[in-house]
Amino acid sequence: MTDQMRPTIDIIGRDEINDLEAIMSVINTDGDERLHSVHSVYDTVFTWDYEKGKRPKLDKLYEKAKKAQWNGQTDLPWEIEVDQEKVVAANAVANGGFNEGIDLSGTSIASWGDKEWLEFGVESQNWTLSQFMHGEQGALVCTAKIVESVPWIDAKYYAATQVVDEARHVEVFSKYLDDKLSGHYPINAHLRMLLDDIIADKRWDMTYLGMQIMVEGLALAAFGFMHQMTTEPLLKQLLRYVMSDESRHVAFGVLSLQEYYAELSAAEIRERQEFAFEAAVRMRDRFLQQEVWDRMGANPKEIVPLLLQVPERQTFQTLLFSKIVPNCKKLGLLDAADGWLRTKFTEMGAIAFEDWADTGEEYEELQATGSEAVA
Ligand SMILES: [Fe+2]
Ligand SMILES: [Fe+2]
């Protein structure tokens, strides 16, 4: 195995995972781009084996998904008025203040008062929800591709329900941004790079690994975090509904790949480990919010390193991996190839989650509350 090891720079484009300078030099310079094409050559697969329920767990998920549908236009309390500045201020009070107690003396934003921090909070929320929306569109196209490329009828059926779910997610995040917040941000360059890589890969299981396990695993954790933190009731409910769908999506990835990975060779598994690592790094890189600092007239290269030293920020960054790590473990990705991925997740400070519940098991719990909420 060891002779096949690719150096880190070949996988993520830099030698050091934490090279901030390199991370922040990757920026989206096409802010006005309207359409973005990614070329992909892959097989669309028909199956003539229509036997439903051959994969009972996927079949069960499909039956659940049909019952758990909700309508983004009529099932959420859109009549709730959102005063974004008030919400941002209330969230800050509830969650420990604006600048997280960082010592900013000597920096270009040392003189920021409540007004600037409030403005930053507003921009930060616009940015966060915009990235969620772009990620949801990534899920929409990836899952449509899975409908075409996966060889199993139970998986095609289930994926078809997820396509509808993702359309609804794009729709509700977009509506929330337009009706309740105050501006959109273009897609973050790290997130776009990851979505491009996932959609360009011709192997159907890589779509699952990139989207259902990595992107959606992180989304499930991030939505859960925001659901807990926000004081705004409409967003809270929106996130709760989306999370009940997302937990099914991640479970779909775990249940499908478990079967498929059992047949792969060690070299093939190793490629999946590298892809999982690349995805993890891209997603962590995207959370630096460099575009927001930029828009606020502050230099991200000056501020971001200070932010990253704040313990709460570090906790947040690692919590994002609380679903991904146990799911990778369940799939056998952590310990294959001499524990290569375990070492990488350890370097990223995320290995502590390995024994947390995996989503193949816990989705029913999230579902139960979700359907009650939907009912
Ligand atoms: Fe989604
Ligand atoms: Fe999803």
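Read the figures in this text as sums done on the coordinates, not as results from a lab. Remember, it's a predicted structure, so these values are computed and weren't measured experimentally. Because the Cβ atoms are built from the backbone with ideal geometry, glycine has one as well, and the counts that use them run over all protein chains shown.
Here are the numbers:
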read-out	value
Spacing of the two label points (7 Å from each Cα toward its C-beta) at residue 227 and residue 32, in nm	4.0
Under 12 Å, Cβ to Cβ, from residue 298 - net charge with Lys/Arg +1 and Asp/Glu -1	-4
Extension gain, residue 365 back to residue 19 (0.36 nm per residue minus Cα-Cα distance, nm)	120.7 nm
Helix 56-67 axis, angle to the chain major axis (alpha carbon atoms, nearest 10°)	50
Candidates 239, 20, 333, ranked by Gaussian network fluctuation over the chain, Cα under 10 Å, top entry	20
Two-decimal log10 I(q)/I(0) for the range 1-96, as the Debye equation yields it once each C-alpha is a single scatterer, q = 0.13 Å⁻¹	-1.22
C-alpha long axis of helix 336-347 to longest principal axis of the chain, angle in °	10
The chain: relative contact order in percent, alpha carbon pairs under 8 Å with at least 6 residues between	23
Most fluctuating residue given options 255, 308, 194, as computed from a GNM of the chain linking Cα atoms under 10 Å	308
Given charges at Cβ of Lys, Arg, Asp, Glu: the chain dipole, positive-most of 24, 172, 92	172
Gyration tensor (Cα) of the range 166-210, equivalent ellipsoid semi-axes in angstrom	27, 14, 6
Rh by Kirkwood over Cα pairs, then Stokes-Einstein D for the range 248-357 at 1.002 mPa s and 20 °C, µm²/s	139
Over the range 96-222, equivalent-ellipsoid semi-axes from the Cα gyration tensor in Å	36, 16, 11
Cβ-based net charge around residue 43, under 10 Å, with every Lys or Arg adding one and every Asp or Glu removing one	+1
Cα gyration tensor, the range 255-314 - rounded (a/c under 1.5), prolate or oblate	prolate
Gained length - residue 160 relative to residue 94, 0.36 nm times residue gap less alpha-carbon distance	19.8 nm
Using alpha-carbon coordinates, inclination of helix 153-180 to the longest axis of the chain, degrees	10
Sum of side-chain charges, residue 149 neighbourhood, beta-carbon under 13 Å (Lys, Arg +1; Asp, Glu -1)	0
Fewest-first sequence of 278, 33 by Cβ atoms within 10 Å of each Cβ	33, 278
Over 27 Å (Cα to Cα) - which of 67/156; 54/344; 156/330; 236/329; 64/202 fall in this group	54/344; 236/329; 64/202
Least to most buried among 227, 249, 39 (fewest other Cβ within 10 Å first)	39, 227, 249
Residue 28 long-range amide H proximity, modeled H, under 5 Å	189
Distance histogram in 10 Å bins (all Cα pairs of the chain, percent per bin)	5, 23, 33, 26, 10, 2, 0
